[in-house]
1. Among (1) buried (at least 18 other Cβ atoms within 10 Å of the Cβ); (2) in contact with a Gly (Cβ under 6 Å, 6 or more places away or on another chain); (3) at pLDDT 95 or above, there is one condition G41 misses while meeting the rest; what is its number?
2. Looking at the structure I just gave you, is N339 in a helix (DSSP H, G or I), more than 18 Å from L390 (Cβ to Cβ) and without any contact (Cβ under 8 Å) to a residue 60 or more places away in the chain?
3. Being more than 14 Å from the ligand (Cβ to nearest atom), assigned to a loop (DSSP other than H, G, I, E, B) and buried (at least 23 other Cβ atoms within 10 Å of the Cβ) is true for just one of P218, P254. Which residue is that?
4. Find all pairs meeting these conditions: Cβ atoms under 6 angstrom apart; at least six residues apart or on different chains; first residue within the stretch 157-173 and in contact (Cβ under 8 Å) with a residue 24 or more places away in the chain and of a type outside the set (A, V, I, L, M); second residue within 16 Å of the ligand (Cβ to nearest atom) and not in a loop (DSSP other than H, G, I, E, B).
5. Looking at the stretch 142-158, is at least one residue more than 23 Å from Y371 (Cα to Cα), surrounded by 18 or more Cβ atoms within 10 Å (Cβ to Cβ), within 16 Å of the ligand (Cβ to nearest atom) and not aromatic (F, W, Y)?
6. Within the group T383, T379, T359, T325, which residue is surrounded by fewer than 20 Cβ atoms within 10 Å (Cβ to Cβ) and at pLDDT 95 or above?
7. Look at K67 and say whether it is more than 27 Å from R270 (Cβ to Cβ) and free of Cβ contacts under 8 Å to residues at least 24 places away in the same chain.
8. Looking for something of a type in the set (D, E, K, R), more than 10 Å from the ligand (Cβ to nearest atom) and either surrounded by fewer than 24 Cβ atoms within 10 Å (Cβ to Cβ) or touching a residue at least 24 places away in the same chain (Cβ under 8 Å) (or both) - is there at least one such residue anywhere in the stretch 192-206?
Amino acid sequence: MNIKINKNFLNVSENYLFSDINKRIKEYKEKNPNADIIRLGIGDVTLPLGKSVIEALIKASNEMGNKDTFRGYPPEYGYDFVKEAVKKYYLKNNINLDLDSIFISDGAKSDLGNIVDILGDNKIYIPNPVYPVYLDSNIMSGRIINFINGTQENNFLPMPNKDISNDSVIYLCSPNNPTGATYNYKELKKWVDFALKTNSLIIYDSAYEAFINDKDKPHSIYEIEGAKECAIEICSFSKQAGFTGLRCGFTIIPLELESEGVKLNKLWKRRQATKFNGVSYPVQRAAEAALSDKGIKECMDNINYYMENARMLSEFFDEKGIFYTGGKSSPYIWFKCPNGMNSWDFFDYLLQNANVVGTPGAGFGTFGEGYFRITSFNTHEKTKEAINRLRKLL
Ligand code: PLP
């Protein structure tokens, strides 16, 4: 063959993070077959879907098997019944969304990866460390990336600074994966004001908003005045409602967002209608159910279960006086490796001496080196046992 390939893909570094982790666990297990390994590395939910979601899935599946209620292709932007449910969910925080600004998708990852399609060659600013999709999708489209760095000094919450150019695209993730760090109203307002002043766009990933349990922290960027003129928000049912295997998310592109005389909402509509055929009907009914009053309560029961693990872990790090972020308003705890160890050395040390698995911070960006992520997606019993083992080690 002699066709041209997209060489930008060659610039994306291979992400071996989770395969490397699994390889090291496998090797360790081969040498120590009786080791009782506790996994606090996973960023995936572990509790099953709520009853309301399951009932909705079954009901909708039955409708698909009946000639009077069968449905074919769904609308590319989502059924109005889910959009209405999202609208109602946002109204709880006094945010009034236009139905046309809500786009239902098969998850936040797709939308975060695809949003680059409607954006030109802008200056891009990405937090470091962060969920790797923002970086890789921009590299794939040949963009030159700049970083806004998370450090111990700024509690892993990068803030606007004079080095950020006008007319930029800025990614923010709050609560952040992997650091769990979450902007409060004052901090997020600084970002919104900065974006408005510099004619920039914020792409705001709120995938973990349901974990926020602090009234000083916004669940959505649209809680901040002016955000509809400068921000796209991308959210997910994955962590909120346990949909990691079911797949559903949504993106909000306010009608106010306009650049070069064109509405971004119109471009995204065009993009989705061309490249996306919508989310399956049963899954959209399940998403609607997750946002009903009963559904939200069931989701919150699961989130509160995880957050009890996060509380136990935070209490342990407080007791030890080890620097960490997250643990509050987030399922992740991000802490500094002891004795200046690098992330991977600490991974091995923890695996070999405590049989506990976490995720090396270096896998989320250069500023993650020397840090480590553990998650609350496990049982109370295993989390307690992991803490007992960590206590002997740290
Ligand atoms: N955004 C962040 C910050 C995440 O951590 C994840 C998944 O781990 C996603 C988005 C992807 O969400 P989804 O499952 O909806 O694709």
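1. (3)
2. Working: in a helix (DSSP H, G or I): yes; more than 18 Å from L390 (Cβ to Cβ): no; without any contact (Cβ under 8 Å) to a residue 60 or more places away in the chain: yes.
Answer is no for this residue.
3. That would be P218, the only listed residue that is more than 14 Å from the ligand (Cβ to nearest atom), assigned to a loop (DSSP other than H, G, I, E, B) and buried (at least 23 other Cβ atoms within 10 Å of the Cβ).
4. These pairs meet every condition: P158/P127; P158/I148; Y171/I126; Y171/Y134; Y171/I203; C173/D205.
5. Looking through the stretch 142-158, none of the residues is more than 23 Å from Y371 (Cα to Cα), surrounded by 18 or more Cβ atoms within 10 Å (Cβ to Cβ), within 16 Å of the ligand (Cβ to nearest atom) and not aromatic (F, W, Y).
6. Values: T383 fails: surrounded by fewer than 20 Cβ atoms within 10 Å (Cβ to Cβ); T359 fails: surrounded by fewer than 20 Cβ atoms within 10 Å (Cβ to Cβ); T325 fails: surrounded by fewer than 20 Cβ atoms within 10 Å (Cβ to Cβ).
Step by step, each of T383, T379, T359, T325 is checked, and only T379 is surrounded by fewer than 20 Cβ atoms within 10 Å (Cβ to Cβ) and at pLDDT 95 or above.
7. Considered against the rule, which asks whether it is more than 27 Å from R270 (Cβ to Cβ) and free of Cβ contacts under 8 Å to residues at least 24 places away in the same chain, K67 comes out as yes.
8. yes
The values are calculated or read from the model by the stated rules, or taken from the named source; none is laboratory data. Since the model is a prediction, treat every value here as computed from it, not as a measurement. As a convention, Cβ positions derive from the backbone with ideal geometry for all residues, glycine included, and neighbour counts pool all protein chains shown.
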